[in-house]
Amino acid sequence: MLAAGAATRFGSPKQRLLLPAVLERLGAAPVDDVVVVAGAYPLELDRARVVTCPDWELGPGASLRCGLAALAPGARAAVVVLADGPNLAPQAVARVLRVRQETKAQLVAASYGGERGHPIVVARELWASIPDEGLRAFEPVLVPCDDLGAPGDVDTPEDLR
């Protein structure tokens, strides 16, 4: 889970406010391990491992690489979610994982209204080539998740309403 940003538009560390909801939803998803990548703000969590990324300011790709490096050597793929998506559907995680298993695609992403979103599954084969700007450089297999509702994108306090 990427939670390293400075949250400048929000005006305070939104990660601390939103992480409990996202972690609860991830707890109902078929994942083996949860790693939260911190950066701008220190985070302490009971329900997940926290990895601090010293290069978080370089971009989401740098934060993602820090999180991926913390996974078990045998991990074949990773589910990527954002800390500011409090409405994440555990079923969306299951759906993108199923499509990854069926297709063996290196990148699988949920889509909402035809637009790429989260969760994303990234195969280990891509991990070393993730640029600082993140996974946008790669074309995923899109998995429609409109029926599950988008995870949200809380950038400002008004977005919580």
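The values are calculated or read from the model by the stated rules, or taken from the named source; none is laboratory data. Remember, it's a predicted structure, so these values are computed and weren't measured experimentally. Cβ placement follows ideal geometry from the backbone for every residue including glycine, while neighbour counts extend to all protein chains displayed. Note: areas computed on protein heavy atoms with side chains; ligands, DNA, RNA excluded. Shrake-Rupley method; radii C 1.70, N 1.55, O 1.52, S 1.80 Å.
In segment 121-161, one over the average inverse separation of all distinct C-alpha pairs is 13.2 Å, which is the Kirkwood hydrodynamic radius. Build a GNM of the chain with springs between Cα atoms under 10 Å apart, and of Asp132, Asp46, Asp55 the one that fluctuates most is Asp46. Over the C-alpha atoms of segment 77-161, the Rg to Rh ratio, Rh being the Kirkwood estimate, stands at 0.98.
In this structure Thr103 has an accessible area near 70 Å², from a 1.4 Å probe over the protein heavy atoms. Of the GluC sites (Glu not before Pro) found in segment 25-103, those in coil by DSSP whose Cβ has at most 13 other Cβ atoms within 10 Å are Glu44. The eigenvalues of the Cα gyration tensor, multiplied by 5 and square-rooted, give the chain an equivalent ellipsoid with semi-axes of 22, 19, 15 Å from largest to smallest. Cα extents for segment 1-70 along the principal axes, largest to smallest and rounded to whole angstrom: 30, 26, 17. Couplings for segment 8-23, taken from phi via the Karplus curve 6.51 cos²θ - 1.76 cosθ + 1.60 with θ = phi - 60°, read 5, 5, 6, x, 6, x, 4, 4, 5, 7, 8, 4, x, 5, 5, 4 Hz in order; Gly and Pro are left as x.
Using θ = phi - 60° in the Karplus curve 6.51 cos²θ - 1.76 cosθ + 1.60, the 3J(HN,Hα) couplings for segment 132-137 round to 4, 6, x, 7, 4, 6 Hz; x is entered for Gly and Pro. Shown are Asp147, Asp153, whose ranking by accessible area with a 1.4 Å probe and every protein chain present, most to least, is Asp147, Asp153.
Database remark: amide H of Val141 closer than 5 angstrom to the amide H of Leu107, Val108, Ala109 (H placed geometrically; neighbours at sequence offset of 5 or more, or on other chains; Pro and chain starts carry no H).
Rounded to 0.05, the FRET efficiency of the Arg9 and Arg47 pair, given R0 = 22 Å and the Cβ-Cβ distance, is 0.25.
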